[in-house]
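Shown next, in structure tokens, is the structure this report addresses.
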Amino acid sequence: MAKTTIEGKGRVFAKEHDGWTSYTLGISSKTQDDKWINAYQPIRFKKDVTVANGTDIDYRAFPVVKERVVDGQNRNYIIWQILEFRISGDDMAAPQAEDSYTALTNDDIPF
């Protein structure tokens, strides 16, 4: 299995849901005819990390495949786990070596 790391810049959008916060990362690209196209990628931060809505960050992340059952069928989707990030010119917030791995449950393993 190949190791995939994603680096870039984006704007974090935070939305509250009954005591927990979901995050998406806004990503923009310009087309050849100078039109901006926006997309939103679900992301997650380490436990107990909060980021304010509308915060611009530089980040390093890795993709994690998640599974959800919808109408009796499995629906796989990708969420980016933010490993380290920097807000508005701050130094990159690097995790400790053991914190750079995400614990997997049996639900995360496809076999």
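With the cut-off at 25 Å, tell me which of the pairs 30/66; 15/66; 3/35; 35/66; 15/35 have Cα atoms farther apart than that.
The answer is 30/66; 3/35; 35/66; 15/35.
Can you tell me the dipole magnitude for segment 6-94 around its Cα centre, using point charges on the Cβ only (Lys, Arg +1; Asp, Glu -1), in Debye to the nearest 20?
Taking the Cα centre of segment 6-94 as origin, the dipole is about 200 debye.
Pop out the ³J(HN,Hα) list for segment 22-34 in order, Karplus 6.51 cos²θ - 1.76 cosθ + 1.60 with θ = phi - 60°, rounded to Hz; leave Gly and Pro as x.
9, 10, 10, 10, x, 10, 10, 9, 9, 7, 5, 9, 6
Throughout, read-outs are computed from the coordinates displayed, never taken from laboratory work. Nothing here was measured: the structure is a model prediction, and the numbers come from that model. Quick reminder, even Gly has a Cβ in these numbers, built from the backbone with ideal geometry, and neighbours come from all protein chains shown.
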